1. Would you call Asp203 at pLDDT below 85 and among the acidic types (Asp, Glu)?
2. Does any residue in the stretch 194-205 that is in a loop (DSSP other than H, G, I, E, B) come within less than 8 Å, Cβ to Cβ, of a residue that is not hydrophobic (A, V, I, L, M, F, W, C) six or more places away or on a different chain, and which pairs are these?
3. Of everything in the stretch 161-209 that's out of contact with any Ser or Thr (no Cβ under 7 Å at 6 or more places or on another chain) and of a type in the set (Asp, Glu), which residue is surrounded by the most Cβ atoms within 10 Å (Cβ to Cβ)?
4. Name the pairs: first residue in the stretch 100-127 and farther than 15 Å from Ala87 by Cα and open to solvent by 60 Å² or more (accessible area, probe 1.4 Å), second residue in a helix (DSSP H, G or I) and modelled with pLDDT of 80 or more, Cβ to Cβ under 9 Å, at least 6 apart or on different chains?
Amino acid sequence: MGDFLGAVTAFPTVAFTFALVVVAVYWLLVLLGGGHFHGARGGHHGHGHGHSQGHGGAGGRHGHGGLQKVLGLGGVPITVAVSLVVAFAWFSALSGRVVFGGGHGGVLLPAALVGGWAGARVLAWPLGRLMPAPAPPPSRRDFVGLGCVIRTGRVGPDFGQAEVRAADGSSAVVQVRQSLDDAAGPGGVLRAGASALIYDYDDTGEYFWVMPAVPASG
């Protein structure tokens, strides 16, 4: 036991021992519900709708997503990849310390890092296949088919805003337009407070086409 503790607290293993303790505490907090599981597969994180001029864009990308792919660790959350590297690096350093003794620390440290990367890469692929596919990033087209409430005095082919509530409960004020044909049809011109239906999105103008909502039948 004393030899084991000595190897664990000696260089270079000690460098990874502290990191391994941090990793263990992190996963313990995750299991207890006090931590957050970061880094969904594919690099997308978070989901939200814009609250001023439309729906949230393509979702933020983590800067480390490209690095993970370069290192062959893509397909798993960044926290899993880091944890695997730390665990395998710690084991490699400990094994090297036991086999070669304490006189090769300068060589064992980079060797342990390589061992950590190699071990993590071997497990990243099968683990990645077990991970649930990430939810698609939010799109403005998610609003098409939803009802909205007009917030400007009028809506025409060149002006208008409306408030729409997404399926997740969030709301946004978006740019809307009403064609002249719709304005001349049943329901007439849409005005403030009127209920409307979003039926299309214009990618070039970044606005939604709306029409008067059909009243619910009693």
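1. Answer is no for this residue.
2. Taking only residues 6 or more apart or on different chains, the pairs are Ala194/Gly187; Ala194/Pro212; Gly205/Gln175; Gly205/Arg177.
3. Across the stretch 161-209, the extreme among qualifying residues is Asp182.
4. Close Cβ pairs satisfying both conditions: Phe100/Leu108; His104/Gly96; His104/Ala111; Val107/Gly96.
The values are calculated or read from the model by the stated rules, or taken from the named source; none is laboratory data. Because the structure is a prediction, the values reported are computed rather than measured. Neighbour counts run over all protein chains shown; Cβ positions are idealised from the backbone, glycine included. Note: areas computed on protein heavy atoms with side chains; ligands, DNA, RNA excluded. Shrake-Rupley method; radii C 1.70, N 1.55, O 1.52, S 1.80 Å.
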